[in-house]
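Visitor: The structure under discussion is supplied below as structure tokens; questions concerning it will follow.
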Amino acid sequence: MDNKLQEKADFTLANAYGGIEMVRADYKGQAFSKHVHEGYTIGVIEKGAQRFYRTGEIHTADTNSIILVNADDVHTGESASLGGWQYRAMYPLPEHFENISNDLYDKGKFAPYFSSSVINDPSLTDQLRLLFNQVDNNASQLLTETIMYSLMLRLTLRHSSLRHIPKDISGSKAKLLQVKEYLDSYPAEDISLKQLAIIAGLSQYHFIRQFKKMFELAPHSYQIQARLKKAKTLLKAGVKPVIVASDCGFHDQSHFNRHFKKALGTSPSKFQKQAVLYKN
């Protein structure tokens, strides 16, 4: 069989920061010549192994390892195993990292440099896979951006030339309460992490930390709870579950069912039947 017929690469744009490019690839005999990307390459090898040139050397990335290529780094790519290799990758632009450094270092905008081409960091590998899974399942913008922000932050602090950990600051309780009230009032809105941080008057980094410290839930987790509160009210009013799912910001019925059962131990339809029986 012709190997070229087996090559596959599916590209998508994540619902985060204006659309960050991602790819799921399965290559057998593909060999990339020297080239560059305008963004960083952050990928995890799902199966097999990849061999590639970067920064004057040849590197090999085995299954579960993370590939790091800086923006505009000249690099190649080919299989390092008989069956080829499968990987998932994201391509954030330098400005995405610059926004994080702006949060961390008091308005200083600079992109990190990753000297290592291959890293083995199981917790970051798990976080990358979590991100890809959420994108595959059409997660909310807030959840996708929160995971992505945390991932790029951890990469910056653990593996780049920028390793200084910023001091924590105290956020305004009144401002954080405004964020909570906003999420309660507009639970179905697909709001971004940046928008909520602006309401709080904090950087995205400090907003996530301070919100969780104050309310014991991350912003995206609280958004789910706000959606479930609204859903219960609508279900009690007799609105059909499929309409409730849409009206409350869940992207489909299964997404709604999963979160509802996880929080309440029953399905929306059963909850509605029990609520109607109780009323009668």
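The values are calculated or read from the model by the stated rules, or taken from the named source; none is laboratory data. Owing to the predicted nature of the structure, the values given are computational and were not obtained by experimental measurement. Heads up, the Cβs are rebuilt from the backbone with ideal geometry, glycines too, and the neighbour counts pull from every protein chain shown. Please note that ligands, DNA and RNA were not included when accessible areas were found on the heavy atoms of the full protein model with its side chains. Shrake-Rupley method; radii C 1.70, N 1.55, O 1.52, S 1.80 Å.
Visitor: Within segment 171-183, identify whether any single residue is open to solvent by 80 Å² or more (accessible area, probe 1.4 Å) and hydrophobic (A, V, I, L, M, F, W, C), and answer yes or no.
Guide: Taking segment 171-183 first, the residues open to solvent by 80 Å² or more (accessible area, probe 1.4 Å) are 173, 175, 178, 181.
Those left that are additionally hydrophobic (A, V, I, L, M, F, W, C): none.
No: zero hits.
Visitor: Quick test for you: out of ASP106, ASP136, ASP126, pick the one residue that is open to solvent by 70 Å² or more (accessible area, probe 1.4 Å), assigned by the TED database to the domain that holds MET22 and at pLDDT 95 or above.
Guide: Every option except ASP126 fails the conditions.
Visitor: Only residues that are surrounded by 15 or more Cβ atoms within 10 Å (Cβ to Cβ) and not in a helix (DSSP H, G or I): list them for segment 240-261, please.
Guide: Once the filter is applied, which keeps residues that are surrounded by 15 or more Cβ atoms within 10 Å (Cβ to Cβ) and not in a helix (DSSP H, G or I), segment 240-261 yields CYS248, GLY249, PHE250, HIS251.
Visitor: Further question on the same structure: With the requirement that a residue be part of a helix (DSSP H, G or I) and either out of contact with any strand residue (DSSP E or B) (no Cβ under 8 Å at 6 or more places or on another chain) or without any contact (Cβ under 8 Å) to a residue 24 or more places away in the chain (or both), what does segment 67-125 give you?
Guide: Correct list: PRO94, GLU95, PHE97, GLU98, ASN99, ILE100, SER101, ASN102, ASP103, LEU104, PRO122, SER123.
Visitor: Between residues in segment 262-280 that are more than 14 Å from THR233 (Cα to Cα) and residues that are open to solvent by less than 30 Å² (accessible area, probe 1.4 Å) and at pLDDT 75 or above, which pairs lie under 7 Å by C-beta distance while being six or more apart or on different chains?
Guide: Every condition considered, the pairs that remain are ALA263/LEU228; SER267/PHE260.
Visitor: Could you list, in sequence order, the residues of segment 80-120 that are among the small types (Gly, Ala, Ser) and within 20 Å of the chain's Cα centre (by Cα)?
Guide: ALA89, SER101, ALA111
Visitor: If you check GLU46, GLU21, which single one turns out to be among the acidic types (Asp, Glu) and open to solvent by 70 Å² or more (accessible area, probe 1.4 Å)?
Guide: Residue meeting the stated conditions: GLU21.
Visitor: Would you please name the residue that is nearest to LEU130 (Cα to Cα), looking only at residues in segment 43-77 that are among the aliphatic types (A, V, I, L, M) and under 24 Å from the mean Cα position of the chain (by Cα)?
Guide: If we take residues in segment 43-77 being among the aliphatic types (A, V, I, L, M) and under 24 Å from the mean Cα position of the chain (by Cα), then VAL44 is nearest to LEU130 (Cα to Cα).
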